[in-house]
Every structure is written in structure tokens, then in C-alpha cells.
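The next block holds one structure in the form of C-alpha cells; read it before the comments.
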Amino acid sequence: MAEFNNVRSVTEMPEGDDAKRSFHHRMFLEPQDKKRSLKALVVKQAKKTCSCTPAKVKDYVFSFFPVLQWLPKYKLREYLLGDIMSGVIVGVLLVPQSIAYSLLAGQEPIYGLYTSFFAGIIYFIFGTSRHISVGIFGVICLMVGQVVDREVQRAGYDLETAAPSVLTDTAAYVNTTISPVNQTSQKLLCDKSCYAITVGATMTFIAGVYQVAMGFFQVGFVSVYLSDSLLSGFVTGASFTILTSQAKYLLGLDIPRSSGIGSLVATWINIFRNIHKTNICDLITSFLCFLVLIPTKELNERFKSRLKAPIPVELVVIVAATLASHFGNLRETYGSSVAGRIPTGFLPPRPPDWNLIPNVALDAIPIAIIGFAITVSLSEMFAKKHGYSVKANQEMYAIGFCNIIPSFFHCFTTSAALAKTLVKESTGCRTQMSAMMTSLVILLVLLVIAPLFYSLQKCVLAVITIANLRGALRKFKDLPKMWHLSRVDTVIWLVTMAASALISTEIGLLVGVCFSMLCVIFRTQRPEAPLLGWVAESETYESLSAYKNLQTKPGIVVFRFEAPLYYINKECFKSTLYKQTGVNPVWVKAAKKKATKRMLREKEVDSGGNQTSISMDFVSEPLGFHTIVIDCCAIQFLDTAGIRTLKEVCKDYREIDVQVLLAQCNPSVRSSLIRGEFFKEGEDHLLFHSVHQAVDFALGAQEHSGTSASK
């Protein structure tokens, strides 16, 4: 058959009827010409890519550095005040969080400040979102910290009895690849904290390379596999792991950090085994900090519409706790664990340790994917809210460079963070100039204030980290509403959350992706497949099981399969069709053959062994219908198994004198049917653009057949 996008609606009369034909309504659709010359496409793309004009170079530079587009148009009077306010407020909030989340990433506090400082500046240059805040994010810090702890232990630093703080001079950073042999007897050029940031910076570099590569190859579509329910479940599950990792600081316990599969359970077992060693001073301090932090944060959220800026309770708590620890000599008197010396200024840049790349390359993949997925989703969400557009691929470049460049300056992995972005938006942010203000606040801390946090207890930092998990843990309150909206999404959320918490964060993410994809497959494997009825005085057909007062046409069954027809659900298609129509053509044919053989044997017995030819026509019970119309409007595509299944169904029903008509096939399905040689010369399987048209055709054909039979 030739290219077949015209509706063939011709009923061929039975032979011997003077070749009369009854023409139903004919609709002709001429297909578009599709030139699929691979050579032409390659040449066209090569010319487009390799051509170089001043205008094209300018467009490329401006698109790669978005700051060059918006900064010259910056409205000083209109934007500056809001950007300064939001930048300073976010900076004040970010300082304590940067110090606290450094613990989570297995790093010294100074490195968290470095990370927040550089991330804001680099996103200012490369980012396209006006509102998101890029910096330290709890889940990413957790994933970094797990890898850092593993590599530090593998290198032998777990033999240290007490890890020193950040080294006092830069000479200690000359060689970072020396593995410890006997740390109890010799001084190393690179101590535990130095090696930890080396691991973190190396993994950050690799994660950034992955993100830039994804932007270059335009594979942002990977993020579509991370649904909202999956990401929410993952963040909530990781929040349990974060809470667990910080619990030992609340109690002042000195126990090793568990890693790998089941680390959450192992950590709690260690905590309860050592609960008798709880430091009462740290416990009381943690309790008092919670009493201040939680209610104040609740007030910030409840009255955020009335407050011009949120109360910087975290900074207040850190200042008060530091003063209390310093003047109360809590470290010397009660043995409280403190942040230790935080140097001022910047350490000299240093490249990642190339020898560590094979060890961390695989771990950087989920970190890179989570980082860019959260960044892109937040940037698109706020862009839509404020009426501007962002470029997903440029966002991947931006977050990639926010990891690659800082990795040379003793930083670890960053991404956008929802909580700080909401604060930034609500306090008047208009552009990323606010990110520069935030970096200036952190710079002030780095140059002047940082050493003052020497006496800050680690339990205070743990309290700040845990208090910021409230948003993720509150998702449990939304479960009833989520269950009412979509049970499948709720199950995906629960499975991802449980796997991320109880197994590990990386495996939990993988489990969530695989489970969500399986849910899609299962939903197409067992889809809805109702019979349809006619809505009176219209040309509409709807599900008989969903609506009342629908009519059926005599002798015609209308069936809709609400999923693509492919190898996974082809058997479901056949079994559901047979069940809905009440007729399995294979069984009917088998019954006919069996009855014919029985009649033949009885005839032979009656004729005394003289074999007589008999008619092979077997009159069985009437089927109740003569035509099946398959509504294909919900079948998005067919594969070879689907085409073969349709051929088999049509052939089997034709052999029991039931014709099968297809209606409302989209162009992709039509094209697949043509390529699969579904329509053959002489066959009477017709294609219709509407169910109503197919039903009218079947009724007309049946009337004509009855008239011919009466003659």
C-alpha cells in the first residue's frame, strides 16, 4: 500500500453483486514530505556549528556569560536596595550554616566559608536565574562527607587519636598525596583535615566536570527521571541520615562515623552503646539552643509576611554560645568539643589530587546529578513565578563551574538551596547582585571575624544543622494529601525515602529512579481498557464503566486501550480485549474444529463407513456482534510486537467472521502500521479518523450485507 494517510472508506461488495460499491464519507489527508537525508542533516549541522561571524561570536559570549547581558541594564535605583538587603540577610544566615554544614561534609569550618564565598561569585557570572541562592546544601554535604570519611579511613588517618585543626602555615599544603604510614610517630606534611579537604575538592572537581559535560552534550533530560516525589522522598530520607550523623555531637560522644549500607542503623547502635559517656555540658547546651532556635524559626515562618527580614536567630545563638563557651571555659572544665582555630584570609590555591580521581569518580555521579537537578528545578520554579526565562543547559554550566573553579581553592560541592532561596526572594532580591553582597558578608567573616569562633561548641553547630531539617521532615504531614492526589507518587516517595535512610543515600537515589520507572512500566503493562458507549445526539464515545446513560450500537463493540501497545503489554491487550468482548477467537475456532470432527465421525457412522463430504460451515451460537472498533487515541506508539499483535487479533477475528476497525490513530501509529505492512491489498481492515465514523461505516456495511443476503 502507498503512503496511507487518507481514510479509505470503501466497502467492497461480495462477489457476484455486479461489483456495486457503497461509498462512505471519504477524507483525504496528504502527508507532509519528510526529507531524512542523514548526509544533508550532518552538513547542515556542521555549517551551523562551524560558521563563525562577529554576531555569532557575540551571541555565544553573551549567552555563556549572562552577567554581560543583565549587568549593563541594571536599574540602580530600583534594584540596588533590595539586592543589598537580601544579600546581607542571606549572608548573615549563611555564615553559621556554612560553619555547621562543614561538620556534615567532614571538613573544618573554614572550608565551608570558602565554599559559600566562591559559589556566590561564580554563579553571579554564569547563572541565568535572578533569585536562587547557590551555596552549601545539606544533602550534598552529607554525600560528600560519606565519601570523605571513607577515603580518610582508607588512607589510614583513622589511627589518629586526635585530629588537629587547620594547619597554621601554608607549608603544610605542599604535598597532599602522601599516605600516612605511622601517624603516631611522625609528623606528616598533610594531616587529617588537609587530606579530607583534598578528597572533597577532588570529588567536587569531578562532579563539576560531569555537570559541564552534561551541559555541553545537552543531556539535561536526565533530570526528568527525578520526579518531584522522588526528589522529595530522597531529601527526606537523607535528612534522617543527616540527623543521625549529628546526634553524636548533641550528646558530646566521640564515636566513629559509620558509612556504607545501613549506616543509619549502625550509628544509632553505636550511640546507644556509648550513651553512658554523654557529655552533660553538651547535652544541656544542645537543649537550650533547641529551645531558642525552633520557636524563633516558627515565628519567622508564621509572620514572614509582616517581617521585613527574618530574625537571624542562628547568628544570635552562635554568638551567645561562643561567648558562654569562652568565658565559662567549657572546653577545659567539661571537655566540650569546640570548633577550634579558624584562620583568617585565604589559603593558596591548589589543584585536586589527580591520583584520587579513580577512587571518587563513581561517587561524584549521583552528587553531580542531584546538584544540577535541584538547581535547575529551583531556577525554573522561580523564573516561572516572576515571569522570566532561564536556560537549563546554561544552569548546568553555571553549577558546574561553581564546583570546578572553587575546587582549586579548598572548597567542596555546592548546589542551589531552597530555604536560602526563599529567604532571598522574600527579602527583596531582584538580581544576582545580592549574591555579591552575600559573598562580601562572608569575606568580612573570613578576613576579620572567623578566629572569634574558636570556642564555639560543635553541639551548637549540630543543633543548627538539625533545625534546618524541619522543612524536609514536615513532608510527612503532606502524605495524606499526596495519597489522595496520587497513590503511585506516594509509594515512590515512601520507597525512595526508606531506601535513602535505611540503605544509603546513593543507593536510595538509584532505588528511587528504578522504582519510579518500574511504576511507569507497570502502569502501561496493566492499563485501563474499557468498552465505550455512544453519548446521545453527539459523535462522542466514552467509557461505559465511568459514565451512565451511554448507548451501544447493535452488533458493534467499541474498545479503547489506554497505553502504548508494545512488547510488555501485548498479552494484556489481547487478554483484556477477549475478556471485554466475551469472545476469544482462538477458542471459538478450536470449538468449531472440534465440533466439525465430531459431526464428521457421526456422519461416517450413520453412512456405514462410506465417507461423504460435508460442509465445513459450522453454525454455532451467535457471537452477538459483527464488528470491533478499536479506539487508538491513547496508543502513543507501536513497536514490532504491537504491530504483530494487531495483525494476529484482526486475523483471528476475521476467521470467525468479525471485522476489526481501527479509529483515531495518531500519525506515528499510522506510520508504524504502514511500515509494518499491516494494510495489505485485498484486506478489508480500514482506518478511520473518528470512532463515530467507524461505527457508521460498520452499521452501513452490515445493512448492505443484510440486503444482499435477502436478494
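Restricted to helices (runs of 4 or more DSSP H) entirely inside the range 51-129, those with at least 2 residues that are free of Cβ contacts under 8 Å to residues at least 60 places away in the same chain and open to solvent by 10 Å² or more (accessible area, probe 1.4 Å) are 54-64, 67-70, 76-104. For the range 348-374, taking the residues that are in a loop (DSSP other than H, G, I, E, B) and more than 19 Å from Ala105 (Cα to Cα), the one that is least open to solvent (accessible area, probe 1.4 Å) is identified as Arg350. Selection of the range 312-346 for residues being assigned to a loop (DSSP other than H, G, I, E, B) and charged (D, E, K, R) yields only Arg341. Hey, any hits in the range 606-614 for a residue that's out of contact with any Gly (no Cβ under 9 Å at 6 or more places or on another chain), over 30 Å from Leu699 (Cα atoms), open to solvent by 30 Å² or more (accessible area, probe 1.4 Å) and modelled with pLDDT of 85 or more? The answer is no; no qualifying residue exists. In this entry, Asp254 is excluded by the filter for residues that are touching a Cys at 6+ places or on another chain (Cβ under 6 Å) and either without any contact (Cβ under 8 Å) to a residue 40 or more places away in the chain or at negative phi (or both). Restricting attention to the range 455-493, the residues that are touching a Gly at 6+ places or on another chain (Cβ under 7 Å) and open to solvent by 40 Å² or more (accessible area, probe 1.4 Å) add up to 1. Taking first residues from the range 577-606 that are free of Cβ contacts under 8 Å to residues at least 24 places away in the same chain and partners that are surrounded by 11 or more Cβ atoms within 10 Å (Cβ to Cβ) and not in a helix (DSSP H, G or I), the Cβ contacts under 7 Å between residues at least 6 apart in sequence or on separate chains come to Tyr578/Asn584; Thr596/Phe618; Met599/Ile614; Leu600/Ile614; Lys603/Ile614. Is the range 386-394 home to any residue that is touching a residue at least 60 places away in the same chain (Cβ under 8 Å) and within 26 Å of Val147 (Cβ to Cβ)? Within the range 386-394, not a single residue is touching a residue at least 60 places away in the same chain (Cβ under 8 Å) and within 26 Å of Val147 (Cβ to Cβ). The residues of the range 252-265 that are in a helix (DSSP H, G or I) and open to solvent by less than 30 Å² (accessible area, probe 1.4 Å), listed by number, are Ser263, Leu264.
Count of the range 502-542 residues, restricted to those that are among the small types (Gly, Ala, Ser), crowded, with 16+ Cβ neighbours inside 10 Å and more than 19 Å from Ser232 (Cβ to Cβ), is 2. In the range 317-344, of all residues being of a type in the set (A, V, I, L, M) and at pLDDT below 85, the one that is surrounded by the fewest Cβ atoms within 10 Å (Cβ to Cβ) corresponds to Val338.
The values are calculated or read from the model by the stated rules, or taken from the named source; none is laboratory data. From a predicted model like this one, the values you see are computed outputs, not experimental measurements. Don't worry about glycine lacking a Cβ; one is built from the backbone with ideal geometry, like all the others, and counts go over all protein chains shown. These area figures cover heavy atoms from the full protein model, side chains too; ligands, DNA and RNA do not enter into them. Shrake-Rupley method; radii C 1.70, N 1.55, O 1.52, S 1.80 Å.
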